[in-house]
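Contents: one structure, followed by commentary.
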Amino acid sequence: MGNDGLLVVRCQLGEREAFRELVAMWHPPLWRYVRGVVGSPHLADDLAQEAWVAVVRGLPRLRQPERFAPWLFTIARRTVTDHLRQTYKAAETAMEEATTVVADDELSGVLTTMQIEAGLAALPLLEREVLILFHLEDLPLASCAEVLGVPAGTVKSRLYRARRMLRDHLAEKGYEA
């Protein structure tokens, strides 16, 4: 069992310091994932907090502590999905917020973080999500499949399509692919 698994077991045994360590280790990747999907840093703060509340509630029932990372991202995905569902019902979308990205200065042909984020924000949710999990959060293919609830082959095809769409979008904006 890896370091995550041991931390989870310590949390399940009621060690408060272990939970602080778990949050310190996993909050930045969780926040980046949520931020990448919803686009807004402020909204990402709120949704990441909601996800941690769900983690606290569900942690005692986690049977495979070594599978913490996919479990955490699955919770985050549900939290974001629930929020988006409520937002769509209210006729406001988090996607509109995500598309208003201010362009940054060009650095001799190198894409800046803001340009990449703008490209990601332009992608449909399924494609954006798989790119974030696989490339930005470095989850293995199998873990991405588990988080997304689809077979590994579907993850591969979404990755292929998402990379192509991102490349096309960036090329359309005048950036070299």
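None of the figures in this text is laboratory data; all of them are computed from the coordinates on show. Just so you know, these numbers come straight off a predicted model, no measurement behind them. Cβ placement follows ideal geometry from the backbone for every residue including glycine, while neighbour counts extend to all protein chains displayed.
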Per 10 Å bin from zero, what fraction in whole % of the C-alpha pairs of the stretch 1-63 is there, up to the bin with the longest pair? 22, 49, 25, 5
By per-residue mean of other Cβ atoms within 10 Å, what is the highest-first order of 54-65, 119-130? 119-130, 54-65
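Compute the relative contact order of the stretch 15-92 as a whole-number percentage, counting only Cα pairs closer than 8 Å that sit 6 or more residues apart in sequence. Spell out each step's value before the answer.
Numbers: 31 pairs, mean separation 25.2, N = 78.
Reported relative contact order: 32 percent.
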What distance in nm separates the two pseudo spin-label positions at Arg32 and Arg67, each 7 Å out from Cα along the beta-carbon direction? 2.5
Please compute the length gained on full extension between Val56 and Asp168, using 0.36 nm multiplied by the number of residues separating them and subtracting their Cα-Cα distance. 36.2 nm
Fully extended, how many nm does the chain gain between Glu17 and Ala152 (0.36 nm per residue separation, minus their Cα-Cα distance)? 45.0 nm
